[in-house]
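Enquirer: Here it is, the structure in full.
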Amino acid sequence: DELYVFSFGTYPGYTGNLAPKGMMSVFSSDANNGTQTISWTLTEGLDTRCSDACTAANCCGVHIHVGMTCSTANDIGGHYWNSTYYAVDPWLTVMYNTSSGHPATQTDLVVMTGTTGEDVYGRAMVIHDFTGARIACGIIEEATTGAFAKYPTYTGSWMTTGGVKVTSSGTVQTLHWIFTAGLDPQCSGPCTDANCCGVHFHVGKTCGSHAEIGGHYWNSTMFSTDPWLYIQYNASAMPSIMMDVAVDTGYEVADVAGHSIVVHDFTGARIGCALMSNLDMGTTTTTTLANSQVSGAPMLSSIAATTFLLATKELAF
């Protein structure tokens, strides 16, 4: 049961100059009455004083909170855990560290909360500064993709794990991804082979057959150049994240729903596959998309966008 925090906003009422950005994965297990294994990459905006030991309550903390909102401080509440199973708050020792600067990363930190994935879905993840003050908040949600599987013809050792969130505005899809494991570590710098280190939409609506997965999915009637050629991950820091990768595929949200997303290694070989099984087409909101951060990707000016959000729904945990 893997969930994610794909973005953070300013904690309500916080007026300081810290503005954390990054992503987290939250993997839940039934072990020990319910645990969450948390991994994060926080790219900027943290309190640099968190390179030293801190003693204030909640200092430098990263914690799941009771509330299912980031809008009102009173509704966010305190730390979320099952005190029936654990008398001591398990979040007290969960902290980020900026001793190596940004990004600050953490992989596979196990927190015994006594709660399940269904319990934590939709709740607030809060980041604190060195004094323990709350500075940022994000909501735990599903990815657009289901679980990644090995590509059907791949026989190597990489087992890609993580999630991709896809939003859509007209024919532009914007990708936000976090990969926690199973990427090619050679993808930490430039690559030249076709499809190297790529994250791409494909024609097929399956991950079971190479022939049916097919090639890149884009509208060649509208565009003469494949827009996926320069869309790549970077594995220099794990988890590997990327935000606001805007790709004009020439297709709208109803067209791309259910298609496969394929991850490639340094040579361009296909190593992982997942389906866009959670792309909601009904609930919309207006937002602004930033320019793509991928070198060589199509650069888009800021646009008023209609974002197709994941609707709150019954989850199959």
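The values are calculated or read from the model by the stated rules, or taken from the named source; none is laboratory data. Keep in mind the model is a prediction, meaning the values are calculated, not measured. Here the Cβ is made from the backbone with ideal geometry for all residues, glycine too, and neighbour counts use every protein chain on show.
Enquirer: Among the residues of the stretch 233-256, is any in contact (Cβ under 8 Å) with a residue 40 or more places away in the chain, aromatic (Phe, Trp, Tyr) and within 28 Å of residue 189 (Cβ to Cβ)? Show your work before the answer.
Expert: Our first condition is that a residue be in contact (Cβ under 8 Å) with a residue 40 or more places away in the chain; within the stretch 233-256, this holds for 233-253, 256.
Add one more test, that the residue is aromatic (Phe, Trp, Tyr), and what stays is 233, 251.
If we keep only those that are within 28 Å of residue 189 (Cβ to Cβ) as well, we get 233.
Among the residues of the stretch 233-256, at least one is in contact (Cβ under 8 Å) with a residue 40 or more places away in the chain, aromatic (Phe, Trp, Tyr) and within 28 Å of residue 189 (Cβ to Cβ), which makes the answer yes.
Enquirer: Oh, and also: Could you list, in sequence order, all residues of the stretch 196-238 that are of a type in the set (A, V, I, L, M, F, W, C) and in contact with a Pro (Cβ under 8 Å, 6 or more places away or on another chain)? Spell out how you get there, then give the answer.
Expert: From the stretch 196-238, those of a type in the set (A, V, I, L, M, F, W, C) are 196-197, 199, 201, 203, 207, 211, 213, 218, 222-223, 228-229, 231, 235, 237-238; that's our starting set.
Of everything in the stretch 196-238, those that are of a type in the set (A, V, I, L, M, F, W, C) and in contact with a Pro (Cβ under 8 Å, 6 or more places away or on another chain) turn out to be 207, 213, 218, 235, 237.
Enquirer: Can you tell me which residues in the stretch 195-213 are buried (at least 16 other Cβ atoms within 10 Å of the Cβ) and farther than 25 Å from residue 169 by Cβ?
Expert: 195, 196, 197, 206, 207, 213, listed by residue number.
Enquirer: I've got another one for you. List the residue pairs whose Cβ atoms are under 6 Å apart, where the first residue sits in the stretch 182-200 and is modelled with pLDDT of 95 or more, the second is surrounded by fewer than 18 Cβ atoms within 10 Å (Cβ to Cβ) and among the hydroxyl-bearing types (Ser, Thr, Tyr), and the two are 6 or more positions apart or on different chains.
Expert: 188/236; 193/267
Enquirer: Only strands (runs of 3 or more DSSP E) wholly contained in the stretch 42-141 count here; list those with 2 or more residues that are surrounded by 14 or more Cβ atoms within 10 Å (Cβ to Cβ) and not aliphatic (A, V, I, L, M).
Expert: In the stretch 42-141, the matching strands (runs of 3 or more DSSP E) lie at 104-112, 134-139.
Enquirer: Tell me, yes or no, whether the stretch 173-184 has at least one residue that is in contact with a helix residue (DSSP H, G or I) (Cβ under 8 Å, 6 or more places away or on another chain), among the β-branched types (Val, Ile, Thr) and not assigned by TED's automatic domain parsing to the domain that holds residue 91.
Expert: no
Enquirer: If a residue counts only when it is modelled with pLDDT of 95 or more, which strands (runs of 3 or more DSSP E) contained entirely in the stretch 229-317 have at least 1 such residues?
Expert: 240-248, 260-264, 270-275
Enquirer: Still on this structure, I have one more. Right, residue 199: over 30 Å from residue 80 (Cβ atoms), among the aliphatic types (A, V, I, L, M) and either outside any strand (DSSP E or B) or touching a strand residue (DSSP E or B) at 6+ places or on another chain (Cβ under 9 Å) (or both) or not?
Expert: When the stated conditions are applied, residue 199 passes them.
Enquirer: Do we find that residue 123 is of a type in the set (Lys, Arg), more than 20 Å from residue 177 (Cα to Cα), out of contact with any Pro (no Cβ under 7 Å at 6 or more places or on another chain) and not assigned by TED's automatic domain parsing to the domain that holds residue 235 in this structure?
Expert: No, not satisfied.
Enquirer: Next question, about the same structure. Checking residue 153 against (1) touching a residue at least 60 places away in the same chain (Cβ under 8 Å); (2) buried (at least 19 other Cβ atoms within 10 Å of the Cβ); (3) on the phi < 0 side of the Ramachandran plot, which test does it fail?
Expert: Tallying (1) touching a residue at least 60 places away in the same chain (Cβ under 8 Å); (2) buried (at least 19 other Cβ atoms within 10 Å of the Cβ); (3) on the phi < 0 side of the Ramachandran plot, residue 153 fails exactly one: (2).
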